[in-house]
Amino acid sequence: ANFSEQVVESFPSDISTGIYYGWACVGNGDVHKMVLSIGWNPFYKNIKKSVETHIIHTFKEDFYGEILSIVIIGYIRPEKNFDSLEALISAIQEDIEEAKRQLDLPEHLKLKEDNFFHLREGKIVNHD
């Protein structure tokens, strides 16, 4: 799930590029583990910064147009380039396993139940 250019531009400018882990919720659905990439994706030679969320869950259908709420909990590694697509895929799998391990820790697991994910339907909250 990729965030729009407008959302990416609203991220703090001093946030380090790299791979993060945390929790994600689509619409008013369940909260799932996620891995988040913030950066330029050098393997794909992106010219614009992107924020891409990989939700560690298989959805039955697409959720384009839904609101994606995330909470970033921790940092896994810096952004880097890869010599091959296979090396990139391998690193992504390692990132996912690390995220799962970290998010199973009691101090991170409790954040899954945070009220942030349980706003009433239709309520929009702006954070300045």
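The values are calculated or read from the model by the stated rules, or taken from the named source; none is laboratory data. Predicted, not measured: the structure shown is a model, and the values here were computed from it. As a convention, Cβ positions derive from the backbone with ideal geometry for all residues, glycine included, and neighbour counts pool all protein chains shown. Surface accessibility is based on the protein's heavy atoms, side chains included, excluding ligands, DNA and RNA. Shrake-Rupley method; radii C 1.70, N 1.55, O 1.52, S 1.80 Å.
Worth a mention:
- The accessible area of Arg101, taken with all protein chains in place and a 1.4 Å probe, comes to roughly 140 Å².
- Between helix 85-103 and the chain: long-axis angle, C-alpha atoms, 0 to 90°, nearest 10: 40 degrees
- For the chain, the number of Lys pairs with C-alpha atoms closer than 30 Å, counting only pairs eight or more positions apart or on separate chains, is 28.
- Fraction of accessible area attributable to carbon and sulfur, the chain (%, probe 1.4 Å): 50 percent
- Solvent-accessible area of Ile76 with every protein chain in place, 1.4 Å probe, in Å² to the nearest 10: 40 Å²
- Applying 1/(1 + (r/R0)^6) with r as the Cβ-Cβ distance of Leu85 and Leu105 and R0 = 30 angstrom yields a FRET efficiency of 0.45.
- Accessible surface, the stretch 5-117, averaged per residue in Å² (probe 1.4 Å): 64 Å²
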